[in-house]
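The values are calculated or read from the model by the stated rules, or taken from the named source; none is laboratory data. As the structure is a computational prediction, the values presented were derived from the model and not from experiment. Here the Cβ positions follow ideal geometry from the backbone for every residue, glycine too, while neighbour counts run over all protein chains shown.
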Amino acid sequence: MLWMASIAKYYAEVDAVRLCPAAPYKKGKPGTSTSAWVWSNEMRPNTREPKWTGSYALNGWFYSGDWPDGSGLYPYVKNAFKLDSDVRYSSESPIFCDSMWVDAWPQEKDRPASDLTSGNAGQNAGMARITLARHKYSAGNIALPSSRFKNSILLGAINLVFYDGHAEMASNEKLWQFRWHKNWKTPGQRPR
């Protein structure tokens with residue numbers, strides 16, 4: 001079940017907080033640094049608008065762990081936060097963040113999105129979905145290839161909400177310094 005559906009059961013104003021002002025829903029546009037993602041083709045009653053749109057992702061490591069165990073696009077279930085006690089660094093473990101897709105499973109080996117304007121849901125299921133030039137630098141609709149920053153600092157920043165309840169904006173370059181899953185080992189430098 002989509003995480004947003006679970007929240008909607010308990011929070012009447014979920015529609016008011018699901019979209020980042022910098023990435024609103026735009027008909028016919030996929031999730032990018034400047035537009036919201038759309039999940040499924042279900043429509044809101046009496047409208048022509050999708051029921052499930054958003055600008056943020058759930059850190060998939062907080063799902064119940066019912067995904068296939070594997071590598072590459074499939075995350076390792078052993079890294080899931082299955083119990084509250086699995087979250088040993090609550091102020092460093094993001095639960096939600098800006099994204100071009102509904103969820104993400106960041107892994108230490110993930111490279112940034114190939115384009116910081118559009119992100120990439122298929123490149124990897126982690127950092128490529130969240131490394132976006134959404135804040136502190138906006139490319140608008142201009143392509144911003146991350147290869148341009150192979151030997152320099154990535155442009156842009158995203159907002160994150162952490163397990164302890166605090167929120168902060170972090171530069172794309174800093175994203176590998178957070179503890180995205182239970183067994184996270186911070187790399188010496190981000191993958192290039």
Considering only residues of the stretch 147-178 that are of a type in the set (Gly, Ala, Ser) and touching a strand residue (DSSP E or B) at 6+ places or on another chain (Cβ under 7 Å), which is farthest from residue 97 (Cα to Cα)?
156
Specify the residue that is modelled with the lowest pLDDT; the eligible residues are those in the stretch 1-28 that are of a type in the set (Lys, Arg) and more than 19 Å from residue 135 (Cα to Cα).
9
Which ones in the stretch 80-117 are at pLDDT 95 or above, surrounded by 22 or more Cβ atoms within 10 Å (Cβ to Cβ) and among the acidic types (Asp, Glu)?
98
Can residue 136 be described as over 23 Å from residue 63 (Cα atoms), out of contact with any Cys (no Cβ under 6 Å at 6 or more places or on another chain), modelled with pLDDT of 95 or more and not hydroxyl-bearing (Ser, Thr, Tyr)?
no
Output the number of residues of the stretch 136-192 satisfying the condition of being in a loop (DSSP other than H, G, I, E, B), at negative phi, free of Cβ contacts under 8 Å to residues at least 60 places away in the same chain and not aliphatic (A, V, I, L, M).
6
Against the condition more than 21 Å from residue 23 (Cβ to Cβ), of a type in the set (S, T, N, Q) and surrounded by fewer than 21 Cβ atoms within 10 Å (Cβ to Cβ), how does residue 183 come out, does it pass?
yes
Here are the criteria: (1) closer than 21 Å to residue 179 by Cα; (2) without any contact (Cβ under 8 Å) to a residue 60 or more places away in the chain; (3) part of a loop (DSSP other than H, G, I, E, B). Tell me which single one residue 128 does not satisfy.
(3)
